[in-house]
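I have a structure here, written as structure tokens, and I will follow up with some questions on it.
The values are calculated or read from the model by the stated rules, or taken from the named source; none is laboratory data. Predicted, not measured: the structure shown is a model, and the values here were computed from it. Ideal geometry is used to build each Cβ from the backbone, glycine not excepted, and the neighbour counts take in all protein chains shown.
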Amino acid sequence: MLTGAALLALLLVGTGIVLCSRFWPFSEKSVIENLAEASDSTVTIQSYHPTYFPVPGCVLEGVEFRHGDRHILLITIARMRIEGSYGGILIRHVPKITADGAQVFIPPFGSNEVFHSQHSKLVVDRLIANGSSVSFLSNDRNSQPMRFDVQDALLTGVRWGSPISYLLRFHNPNPPGEIAVAGKFGPWADGHHEDTPLSGAYKFDQADLSIYGGISGTLNSEGKFDGVFKHLNVSGSTDTPDFKVKGGGHKVRLRTTFDAFVDATRGDTFLNRVEAEFGRTTVVASGSVAGSNQAKGKAAKLRLTSRNGRIEDILGLFTSDGPPMSGPISVSTSVEIPPGNTPFLKKARLHGKFGVDEGSFTKAETQRDVDSLSAGARGMNKENPETVLTGLKGQVDLASGEANFEDLRFGVPGANAHLHGTYNILSYKINLHGFMRVDTKVSKTSSGVKSFLLKVMDPFFKKKRKGEVVPVHVLGTYEKPQFGLDLSQPSPTPKPSR
């Protein structure tokens, strides 16, 4: 009996040895072959150490993955530990793989590198790659790759032809901040990586906007995405409690909601609709932040509109001494921000229209000047004027830090002005000239010597049904604008009213 039992035991052990030698998945050769098939790469290692207890597996050191005939370096791993199970050997099931010191290098977009996934029955329950990095390489050898430092990386359910669940936490380089994202990836679209599905939800914390040069603030955002690499639909919201235009105004709380899509193969973003709220103003935007044929980097091209906004909210972004004017405003404009290191306020280009229905100047000194002009135009006592500026509207083109105004019109009780000229958003200098149509004689708009001169000039101004036309200017600076009569330019012959 004992002899029979011993023979049976030897037979089972021998059979196990034969089966393991044939099907053992953790041999150096088997592991390298499986890694090569899964990554469509040539895999090399510096050292191999098998493990048997408490679980079967192995430890690899100095692992490199290289792709194609040019042997492009894709991945390096300082140490890889594969932990299997005796029960999963025959069904090619691996509970856990840990990669320490992993570095991933993504070839430049448009490099035409093609990856083919290989059919495999191998299943990995968990793949952990904490403390790794991902670098996106560029075709420009002089530029540094964009690098993402990954604190935590967990992939689950890794198998051929099926979506892989992922959980990542990493540092974003531009703008710098921390991102946590979870979702599903794949299955890999063989030969057409741009069609590979991707979905998930993200949270972006403490993003430093000062990296962009012209603005500052700490942004927090969360949202979701789904689609394929070449067209990812993205929606979410942002909150920047301390947004500020550098060299400009006070900090404001900027909140946005957005709906967009991203071409992840190029890194381009296309905005379907963005609603931005600050103060009592809402601005709606659409457009793109995409590659430019004229220069390296991304160019922003946006269409901005705001109805029933507040002019004090908009002007407050650009002045540190408080906005000089308040009132409701409507804006419709296009904005282009080219790539490059030029300061934000100098490189931004803008073209659009604006209108203020009823506005007033917040500075008493400025409002008194406008009130006096209004009272004089109506032949009234300047000590008791109406204080509302109406119908402010015009067209503006902004380039190289200077706004050029055409067809700028506004009214005060008793007068309507039509001006043109410039305003420099860097030096704050105003240089506007034009004409004002008044409701009474020109000589009533001033006093003293100037009044006497204007009385002498009265006969030279042509009288029309809606009053006389006099030359005026707005000079000075944004902080201290100067309103006055401009005797240096001739008075026009106004067109008859229709």
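Those residues that are aliphatic (A, V, I, L, M) and without any contact (Cβ under 8 Å) to a residue 60 or more places away in the chain, I need them from the stretch 38-57; list them, please.
Matches in the stretch 38-57: V43, I45, V55.
Please give the number of the condition W188 fails out of (1) buried (at least 18 other Cβ atoms within 10 Å of the Cβ); (2) in a strand (DSSP E or B).
Against the list (1) buried (at least 18 other Cβ atoms within 10 Å of the Cβ); (2) in a strand (DSSP E or B), W188 comes up short only on (2).
Next up: What is the number of the single condition among (1) surrounded by fewer than 16 Cβ atoms within 10 Å (Cβ to Cβ); (2) without any contact (Cβ under 8 Å) to a residue 24 or more places away in the chain; (3) small (G, A, S) that S235 does not meet?
With (1) surrounded by fewer than 16 Cβ atoms within 10 Å (Cβ to Cβ); (2) without any contact (Cβ under 8 Å) to a residue 24 or more places away in the chain; (3) small (G, A, S) applied to S235, the lone miss is (2).
Take the stretch 115-148 and flag every residue that is of a type in the set (D, E, K, R), modelled with pLDDT of 75 or more and either farther than 22 Å from G297 by Cα or touching a helix residue (DSSP H, G or I) at 6+ places or on another chain (Cβ under 8 Å) (or both).
D125, R126
What's the number of the only condition in (1) among the hydrophobic types (A, V, I, L, M, F, W, C); (2) part of a helix (DSSP H, G or I); (3) at pLDDT 55 or above that A403 fails to meet?
Of everything listed in (1) among the hydrophobic types (A, V, I, L, M, F, W, C); (2) part of a helix (DSSP H, G or I); (3) at pLDDT 55 or above, A403 misses just condition (2).
A further question follows. Being part of a strand (DSSP E or B) and surrounded by fewer than 16 Cβ atoms within 10 Å (Cβ to Cβ) is the filter here, so list the residues in the stretch 79-90 that pass it.
Across the stretch 79-90, the qualifying residue is only R79.
Also, quick follow-up: For the stretch 252-278, which positions are at pLDDT 90 or above and of a type in the set (G, A, S)?
Answer for the stretch 252-278, where residues must be at pLDDT 90 or above and of a type in the set (G, A, S): A260, A276.
Something else: Assuming S330 fulfils every condition listed in (1) modelled with pLDDT under 80; (2) closer than 26 Å to A300 by Cβ; (3) hydroxyl-bearing (S, T, Y) apart from one, which condition is it?
(1)
On to the next question. Of the residues that make up the stretch 247-257, is at least one crowded, with 18+ Cβ neighbours inside 10 Å and either within 29 Å of S138 (Cβ to Cβ) or polar (S, T, N, Q) (or both)?
Taking every residue of the stretch 247-257 in turn, at least one turns out to be crowded, with 18+ Cβ neighbours inside 10 Å and either within 29 Å of S138 (Cβ to Cβ) or polar (S, T, N, Q) (or both).
Taking the condition modelled with pLDDT under 80 and exposed (fewer than 14 other Cβ atoms within 10 Å of the Cβ), does A377 pass?
Considered against the rule, which asks whether it is modelled with pLDDT under 80 and exposed (fewer than 14 other Cβ atoms within 10 Å of the Cβ), A377 comes out as no.
Within the stretch 179-192, can one find any residue that is touching a residue at least 24 places away in the same chain (Cβ under 8 Å) and within 17 Å of the chain's Cα centre (by Cα)?
Yes, the conditions are met somewhere in the stretch 179-192.
Scan E37, E61 and give me the residue that is modelled with pLDDT of 85 or more and of a type in the set (D, E).
From the options E37, E61, the qualifying one is E61.
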